[in-house]
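Following: one structure in structure tokens, then a few remarks.
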């Protein structure tokens, strides 16, 4: 999004459609009302499939890196990446992938409440 485009919309106070909001980068996407539930379900499924700690780290990355100078960003993300890839959560995710099964944190009929005890964090993935 160009700051000029958003500034014009905001300063003029004009109404805009969801499609225009997506084009301005104010929202991720615009979908017709009849596809909204399916689109939300798709996004939620993707988020649930992500490792909880990896997802939290991604949020940190998105918040912190833009405020850092290049050298600091590379150093911090390198350390973060090393920590994540050496974690129990990463091992579970890679093992699940190789075994063609859902990771322990992914809700499914195969992953009942006992799977929570096997979660790499040792806690309920919803609490992570």
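The values are calculated or read from the model by the stated rules, or taken from the named source; none is laboratory data. Just so it is clear, the structure is predicted and the values come from calculations on it, not from any experiment. Don't worry about glycine lacking a Cβ; one is built from the backbone with ideal geometry, like all the others, and counts go over all protein chains shown.
Structure above, values below:
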read-out	value
Elements of type helices (runs of 4 or more DSSP H) contained in the range 1-75, each with 1 or more residues being touching a residue at least 40 places away in the same chain (Cβ under 8 Å) and on the phi < 0 side of the Ramachandran plot	36-49, 52-64
The range 23-45, subset surrounded by 14 or more Cβ atoms within 10 Å (Cβ to Cβ) and under 12 Å from residue 5 (Cα atoms), residue nearest to the chain's Cα centre (by Cα)	26
Among residues of the range 53-82, those that are in contact with a helix residue (DSSP H, G or I) (Cβ under 8 Å, 6 or more places away or on another chain) and more than 18 Å from residue 105 (Cβ to Cβ), counted	9
Residue in the range 47-63 that is surrounded by 12 or more Cβ atoms within 10 Å (Cβ to Cβ) and over 30 Å from residue 103 (Cα atoms) present	no
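Per-residue answers, yes or no, for (1) within 30 Å of residue 41 (Cβ to Cβ); (2) at pLDDT 95 or above:
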residue	(1), (2)
83	no, no
99	yes, yes
104	yes, no
107	yes, no
